[in-house]
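The values are calculated or read from the model by the stated rules, or taken from the named source; none is laboratory data. Owing to the predicted nature of the structure, the values given are computational and were not obtained by experimental measurement. Glycine gets a Cβ as well: all are built from the backbone with ideal geometry, and neighbour counts include every protein chain shown. When the accessible area is computed, the model is the full protein with side chains, heavy atoms only, and any ligands, DNA or RNA have been set aside. Shrake-Rupley method; radii C 1.70, N 1.55, O 1.52, S 1.80 Å.
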Amino acid sequence: MIAGGPRSVVRFAATELGVVALAIVYVLAILPFCPELATRDQAFAALVNAAPLLVLALGQAFALLIGGIDLSVSGVISLAGVVGAMLLTSDGGVLADSSLAIPVALLAMLLMGGVVGVAQGAAVAYWELPAFIVTMCGMMAMGGAAVWLTGGARLGSLPLPLLETVQGDWLRVPVILWVATALAIVCYLLLQHTVLGKHLYALGHNARAARVAGISLGRVTCFAYGASGTCSALAAILYTCRTESATPSFAREILLDAIGAAVIGGTSLSGGRVSVMGIVFGALFITLVGNSLTLLNLDYWHVLMAKGGVILVAALLDAARRGVAGGRA
Amino acid sequence: MTRFLVNHSPALLLVAVLIGFSIGSPRFLTPQNAVNLLTQGASATILAAGMTWVLVTSGVDLSAGSLMFLVAAACGKMLQSDVEPLMAAVAAAAIGPLCGVAHGMLIAYAGASPFIVTLASLFLLRGAGLWFSRTRAMNLPEAFSRWGAEKLLGVPLPVWVAGVVVLVLYWLQTHTAFGRQCYAVGYDPAAARKAGVHVRAALMKTYALSGACAAIAALTALTQLGAVSPTFGKDREFDAIAAAVLGGASLFGGRGNVFPGAVIGAMTVASVFNGLNVMNANPYVYPLITAAVVFLAMLFDGLRRRQLVQSARTMRWNVEGAR
Amino acid sequence: MNPLLECRKIRKAFAGVRVLKDVDLQLASGQVLGLVGENGAGKSTMMNILGGVLPADDGAMLLSGTPYAPRNPAQAAAAGVRIVHQELNLFPNLSVAENLFLDRIPRAPWGIRRTTLSNQSREILRQVNLDRDPWTPVAQLSTGERQLVEIAKALGAGAKLIVFDEPTTSLTQPEAARLFAIIDNLRGRGLGVIYISHQLDDVLRLANDVLVLRDGVRQACGPAQAFTIPLLIQQMIGRELDHVFPERRAAIGEEIVLQLRNVSRRGVVDDVSLEVRSGEILGIAGMMGAGRSELARLAFGLDPLDAGTVQLGGDMLAVPTPARTVKKGVALITEDRRDDGLLLNASVDDNMLLASWRDHACAGWLRRRAAKRAAAAMADSLKIGGALDRPVVQLSGGNQQKAIFARWLLRKPRCLILDEPTRGVDVGAKDEIYRLIRRLTDAGTAILLISSEIEELLGLADRVAVMRAGRMVGEFARAEFDRERVLACALGQEALA
Amino acid sequence: MKALLPSLLVSVACLATLSCGAPTNQPDQTTIGVAFETLQTEYWVASLDAMKAELAKHDVRVLEAVADGDPNRQLEQVQSFIARKVDGIIVVPKDAESVIPMIRAANKANIPIVLYNRGPGEGAGPCVTVVADNRAITRDTVRRMIASASERSKPMQGMILIGDLGDINAIERREGFDEAISESNGAVEVVARVPTVWNQEKALAGVTNALQANPDIEFIFSSSDFLFPSIVAALKNADKYHPIGHERHVVLGGFDGDATAYRMLQDKYLDADGVQNVYFECSQAVDAVLKMSRGETVEPVLKDQGVVIHQDNLDQESHRMWGAQVAAKQP
């Protein structure tokens, strides 16, 4: 596969295997400098760290798959986190003492993400508005609403059973990893083994043809953005439980990481192409780059630049891939 | 009537915002506040003008805010090592178009998507700026920051700069072949190529312009602030896109203009912030109101697009009816 | 007199289908040559070869006595050959003047030489009698005016020969009259004009000579005075059947499957009613732009109705959408295979299964192996060769079309709307598609067949309805089938019908 | 599907390589991990520099990380430190809540952890905190401002620049401000609350707008000194930037104690500045972490009393103001 000149190298690098190879080469390359990476604990830690980003990137992939984009990620995380925490927190939470508090709150968070996503999808599909602006407004409005609701304060004092469950291990593997793995499997099955998945792909490949084939573009678009919103809410749960508190002003940069992970993992920004496997390694790779550069004791700005460089390479690979697919190299 | 409303929605939205705030506070609609508004909107207007140009070619430039920071950091660094202020400003400003050309190359020749190229740049340039400045804040010498307060014929210098930039871009956009061809490129690149337009050159120039605008916007803001902090320019690209869209530019390309569009858009954003300040509004409602205004603008824009399609159909009907 | 343009033995084939066979053509300066023929007779191909869009497979062209073989439209334009296309290539977001001079805007140190540009534009616009400010945005022009701008664009650059492709389809009567005056003027100035049109009376009035193409062969050529409209029509369609259309084996059913009542859509379809029974094929004839494809899109729910109703098997659809009509068992194969049909980069079987994933699923969960088996069996029965997991874009045109047929056959549709089902398909595949259509009607599927090939309509359809300018203008039962009458009706020469 | 199998194989191989990797061998030198939440303002940069200098004095190796305002990333960074088996961790948390899991992780790994500048919330495990009381220092600063304007006619119109609404320090400072105002018996009427999101441009526009709307403002408190350049620019434009004693002087107060504030104090433009003693806090933090790494016990909370520096105590107290020393290094 690799033999056969620079063109096939490009073609290989452009497949989702490319990012797998990239991640491994990267790990091997930095191993001599920070041997700690080679311990079981640290390997698990790296995976756990990548998990929430993976959840976000998988959500983003739904929007990218149909040729759209979802910028509202940080807004949904903030608002969902705050809503959940307001229900749960032991200082003044609405459901603080109820035994049903945890499931109800988690459900409310996921539901909120889903509903917001569907609403954005509807604006994109039925009002024919550009996804970029719709979700940008979503980001601003939801971020603002979260700050408003809390007065800017972080909400802590979450119920211990929830925190212990999410932070703990199950069968010697961290629960967060189970969650992310389960989501990845669900996404993989959904995309590959369900009618809806086939319809999402069709919409991304050629929306006009999909419409003629009797696929309801509105519903599929709403689903894609709804899925993206739900994944953001799930990520909000993970983030909230990891940091044991919900912030009303979640860092916007996470969006760029999520898009970066998806694109490095072989998702095409022009739609119709997504690989769950690729995204898993894309998220892992982005997290590894960030953390290992810290381990190498490089400065914060170097981390930023390295991340930018990686995304740039992904951009060029995306272009090369489109060139190969479109018959021009 | 509806047609008039929809066609002039950007200007009407601005007027509505202005009227709304004048009712809210008697101190809003005063000559001083008008000058004030223009001064504050200066750098935003410049940035929005550059962004509008990129949107016209159906691209986007997410790196604008980071580029602003890199330029500011470079300028600050030079000023601190006692470079002549004017020299420092010019040298720092040169970074803008250079980065723009790099974007243009990757987009026009390597065929990479504008979104992801400039996304990468967003990280790279801010990292570079932080590297330059070692994340230190810098206070700039009086000789430099004085320019921000300087007035010419009673109008502050930043307003003049914004005016000149807008004028130049307006001239480029309406009075040069390059400017006109950009509309063709944005409407349909393939058709433009067929019609003999040098699409790649147009894209290169476009991103160079956008970079130059970011640099000038950075310097304009810098003279007003007199200091560089590591957060300088953060998230400004989103504001600029919002302003451009408010001014009637379309993310689908081929539509939008520097004057009056981008100016109206930037002024609307500035008015909202200014008006809320003047009314001493609850700090928490700021993002909500801004989001609402942008969404409203976009909704009008969607209506306008559909009306255009509708009228094209009606026209054909009339034609055949007459036959 | 030295001919301006001389073409000798031009040949062209697409995917093995010969579309031009040794066509000779001559045109002198100051002359208008009318080029007529049925849809698909090779007129457009001839024009594309002249305009540098396509290369000829064989043959030679001489322009003013020198060899002429343009490799692209720019070269053709530089040599003085301009084409006024039927579909407009204008940028509505730019002004008229800018559209006219997009690639050679007159520059000065201070920018565009606006006065020069204005004057030059006015000059050209005067030649086409368009009294508009050159700075009007094209978006504000009517379709007819846009057509004039398109013509003006062709006049701009020192043209010697101008080819008009169906220039009057979207013009009003006065605009058309204006166009004829322009063409007369061009002729007077010594330019050569090739005029392609379905409006035979216009052709006879304008042209010095007329050339009739039929199936890519030069059928007749001579001075316009030598032709009459009936004679032209005869020459256009006088071809022997080269297909054996499969015989119907089952009778037409009683049930009305598809029924349109007073369907209208502003500007394209005007008050059309029709019905198709199970097992019946209703053919729709008409020239380009008559509203046939638009009618198909309305019946399928792709475009919204302005008035009228669509009934499927007795159920009224208040607002038909593709999702709803497909659920009711309707299928549409559009003429635009690339944009409306295929997922080009997806695999062949994904393309085939696009509309029927639901049928191969249990509560949304795919039975992928069953689906693949069904697709493979279908591919087998339609003789789509090769691996089914390669991208569909790698298939030949005929196999691509068969893949789309397969997509709908997998759903066993009750009603199939076919829009130019054999366009761009080689002879062998054509026969297979005919047999397929017959197989469907034998199984009771109702078919609405739109085709530009009259043979195809007459060979397959049980009834043929004729459309012109958005209206239904005639209907023929199988017993009354007559090529000349159908064509005359479509061309608007009712006197003959 | 075809891609799945090889990917799985490769990743298994990758994990295998990881777990068979060489065991880590630490050098004998003590290593301390320093995790900052942000380097957004000069205060943090000065803190980081001071801390590194302090650690260098003890011949300690430093690992540093900046989380850029993201507590989750900070947690990851702390975990990385733990993985590197550092001897101690100093962390500047984003807030009281999100630091709790970091403390727990450090406790579990038996690594001492010191919180710098922000304390932990309820339920945190054992740790040492070095804090300045933002609220109290702000309150005292504002009191001093009001006192220094005692001769003015009441009520004065006042303005506060609020920081990021999601930042706990910004909120505490706002509360300190409100407390001082409310106990002043109407000496100051707050007519403008300008949100700045810790952004100088927003601050400039906000102050300008507020001055426009309320030309009589004569009392401004900034939640951070790094916004002073913006305030000064706005005041100059309104011709209100004059030294103390001038009839158009605006009473100014700030928080942090950076170089700009120091110069403004020197030049008699600034009335009062709440100062956190960076050098004290840093040496306390470093001391604490090193002691703990040697197994000694340390007081759980080390308070920086802070100091309000004003015109009357500038000469005596300026050695406690970190900005003075930064300013001294700059030309």
inquiry  = Considering only the stretch C:223-245, I want to know if a residue exists there that is buried (at least 19 other Cβ atoms within 10 Å of the Cβ), assigned by TED's automatic domain parsing to the domain that holds C:LEU161 and not in a helix (DSSP H, G or I).
reply    = yes
note = Of the residues in the stretch D:25-53, those that are buried (at least 22 other Cβ atoms within 10 Å of the Cβ), more than 9 Å from every other protein chain (Cβ to nearest Cβ), not in a strand (DSSP E or B) and not hydrophobic (A, V, I, L, M, F, W, C) number 3
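Residues checked against (1) touching a Gly at 6+ places or on another chain (Cβ under 6 Å); (2) within 11 Å of another protein chain (Cβ to nearest Cβ); (3) open to solvent by 30 Å² or more (accessible area, probe 1.4 Å):
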{"site": "B:PRO26", "(1), (2), (3)": "no, yes, yes"}
{"site": "B:ASN33", "(1), (2), (3)": "no, yes, no"}
{"site": "B:LEU79", "(1), (2), (3)": "no, no, no"}
{"site": "B:GLY96", "(1), (2), (3)": "yes, no, no"}
ask   = Can you tell me which residue in the stretch A:289-313 is surrounded by the fewest Cβ atoms within 10 Å (Cβ to Cβ), limited to those that are at the interface with chain B (Cβ under 7 Å from one of its Cβ atoms) and touching a residue at least 24 places away in the same chain (Cβ under 8 Å)?
value = A:LYS307
Unique residue being β-branched (Val, Ile, Thr) and within 11 Å of chain C (Cβ to nearest Cβ) when the list is A:THR221, A:THR194, A:THR243, A:THR247 = A:THR194
task = Return the total of residues in the stretch C:414-435 being open to solvent by 10 Å² or more (accessible area, probe 1.4 Å) and either more than 19 Å from C:ARG338 (Cα to Cα) or modelled with pLDDT of 90 or more (or both).
result = 6
query = How about the stretch D:65-99: which of its residues are within 22 Å of D:THR30 (Cβ to Cβ) and more than 7 Å from chain A (Cβ to nearest Cβ)?
reply = D:VAL78, D:PHE81, D:ILE82, D:LYS85, D:VAL86, D:ASP87, D:GLY88, D:ILE89, D:ILE90, D:VAL91, D:VAL92
inquiry  = For the stretch C:168-176, check the following and say yes or no: at least one residue is in contact (Cβ under 8 Å) with a residue 40 or more places away in the chain and either of a type in the set (A, V, I, L, M) or surrounded by fewer than 17 Cβ atoms within 10 Å (Cβ to Cβ) (or both).
reply    = no
Residue check for C:ALA375: assigned to a helix (DSSP H, G or I), touching a residue at least 12 places away in the same chain (Cβ under 8 Å) and over 24 Å from the mean Cα position of the chain (by Cα) = yes
request  = Among the residues of the stretch B:25-68, count how many are in contact (Cβ under 8 Å) with a residue 60 or more places away in the chain and farther than 30 Å from B:LEU98 by Cα.
outcome  = 7
task = Take the residues in the stretch B:168-187 that are touching a residue at least 12 places away in the same chain (Cβ under 8 Å) and open to solvent by 60 Å² or more (accessible area, probe 1.4 Å), then tell me which one is nearest to B:THR39 (Cα to Cα).
result = B:TYR170
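Based on what the data block shows, is D:GLN276 open to solvent by 20 Å² or more (accessible area, probe 1.4 Å) and away from chain B (no Cβ under 14 Å)?
Criteria not met by D:GLN276.
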remark   = Selection from the stretch D:184-210 of residues farther than 22 Å from B:ALA266 by Cβ and either in contact (Cβ under 8 Å) with a residue 12 or more places away in the chain or among the acidic types (Asp, Glu) (or both) yields D:SER184, D:GLY186, D:ALA187, D:VAL188, D:GLU189, D:VAL190, D:VAL191, D:ALA192, D:ARG193, D:TRP198
task = Name every residue in the stretch A:212-230 that is open to solvent by less than 10 Å² (accessible area, probe 1.4 Å) and under 20 Å from A:MET139 (Cβ atoms), in order of residue number.
result = A:ALA224, A:TYR225, A:GLY226, A:SER228, A:GLY229
ask   = How many residues does the stretch C:296-307 hold that are surrounded by fewer than 21 Cβ atoms within 10 Å (Cβ to Cβ), touching a residue at least 40 places away in the same chain (Cβ under 8 Å) and touching a helix residue (DSSP H, G or I) at 6+ places or on another chain (Cβ under 8 Å)?
value = 1
note = Selection over the stretch B:191-230 where residues are open to solvent by 20 Å² or more (accessible area, probe 1.4 Å), within 13 Å of chain C (Cβ to nearest Cβ) and among the small types (Gly, Ala, Ser) yields a count of 4
ask   = Going through the stretch C:201-251 one residue at a time, which ones are out of contact with any helix residue (DSSP H, G or I) (no Cβ under 7 Å at 6 or more places or on another chain), modelled with pLDDT of 85 or more and among the acidic types (Asp, Glu)?
value = C:ASP202
key: Yes/no for A:THR240 being crowded, with 24+ Cβ neighbours inside 10 Å and part of a helix (DSSP H, G or I)   = yes
ask   = Pick from C:ASP350, C:ASP380: which is within 14 Å of chain A (Cβ to nearest Cβ), not aliphatic (A, V, I, L, M) and not in a strand (DSSP E or B)?
value = C:ASP350
message = Here are the criteria: (1) open to solvent by 30 Å² or more (accessible area, probe 1.4 Å); (2) within 11 Å of another protein chain (Cβ to nearest Cβ). Tell me which single one B:SER133 does not satisfy.
response = (1)
request  = Confirm whether C:ARG132 is more than 26 Å from C:ALA490 (Cβ to Cβ), open to solvent by 10 Å² or more (accessible area, probe 1.4 Å) and among the basic types (Lys, Arg).
outcome  = yes
Conditions (1) closer than 26 Å to C:GLY301 by Cβ; (2) not assigned by TED's automatic domain parsing to the domain that holds C:LEU440: number failed by C:ILE384 = (1)
inquiry  = From the list C:GLN120, C:GLN127, exactly one residue is modelled with pLDDT under 85, surrounded by 16 or more Cβ atoms within 10 Å (Cβ to Cβ) and either in contact with a strand residue (DSSP E or B) (Cβ under 8 Å, 6 or more places away or on another chain) or farther than 21 Å from B:VAL185 by Cα (or both). Which is it?
reply    = C:GLN127
key: Lone unmet requirement of (1) modelled with pLDDT under 90; (2) open to solvent by 20 Å² or more (accessible area, probe 1.4 Å); (3) touching a Ser or Thr at 6+ places or on another chain (Cβ under 6 Å) for D:ALA170   = (2)
query = Considering the stretch C:86-105 alone, what residues qualify as being open to solvent by less than 40 Å² (accessible area, probe 1.4 Å) and either in contact with a His (Cβ under 8 Å, 6 or more places away or on another chain) or more than 7 Å from chain B (Cβ to nearest Cβ) (or both)?
reply = C:LEU90, C:PRO92, C:SER95, C:VAL96, C:ALA97, C:ASN99, C:LEU100, C:PHE101
request  = Go through the stretch C:61-99 residue by residue and tally those that are in contact (Cβ under 8 Å) with a residue 40 or more places away in the chain and closer than 22 Å to C:LEU141 by Cα.
outcome  = 14
